[in-house]
Amino acid sequence: MNEAEFTVRDLRKELELTLAQMLAKLQLRSIGALSDIERGEPCSVSVALAIEALSGGRIAAASLSRDVALVDAARALDAAGQPDAMAAPERSACRIADQNAAAS
């Protein structure tokens with residue numbers, strides 16, 4: 001992990017929240033789930049979006065949830081005028097998300 005990267009744990013510390021308080025803000029059910037997210041485990045779309053909002057965009061939801069990353073990749077293809085994934089499987093959102101994940 002890059003030292004300059006702003007993490008979920010950094011966010012919680014910056015907001016001066018305990019694990020229990022952050023748990024409540026994110027509507028998670030267990031401190032273990034939050035600890036997993038703080039260690040870089042993927043999370044649900046709703047939690048990823050909540051973290052992105054809490055961080056003011058400094059933590060991208062796509063970095064926390066593969067599903068969000070796939071949607072972002074699909075939107076990027078659409079904005080670039082790319083044909084749909086069935087017409088160009090080598091440019092599918094899944095493949096682009098996988099390539100981006102492998103590169104990071």
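The values are calculated or read from the model by the stated rules, or taken from the named source; none is laboratory data. Since this is a predicted model, take the numbers as computed values, not measurements. Here the Cβ positions follow ideal geometry from the backbone for every residue, glycine too, while neighbour counts run over all protein chains shown.
Brief remarks follow.
- Exactly one residue out of Gly57, Gly40, Gly32 is exposed (fewer than 12 other Cβ atoms within 10 Å of the Cβ) and within 17 Å of the chain's Cα centre (by Cα), and it is Gly57.
- Residue check: Cys43 meets all listed conditions (1) out of contact with any helix residue (DSSP H, G or I) (no Cβ under 9 Å at 6 or more places or on another chain); (2) modelled with pLDDT of 95 or more; (3) in a loop (DSSP other than H, G, I, E, B) but one, namely (1).
- Pair list, Cβ under 8 Å, 6 or more apart: the range 22-39 residue on the phi > 0 side of the Ramachandran plot, other residue surrounded by fewer than 19 Cβ atoms within 10 Å (Cβ to Cβ) and part of a helix (DSSP H, G or I): Gln27/Ser46; Gln27/Ala50
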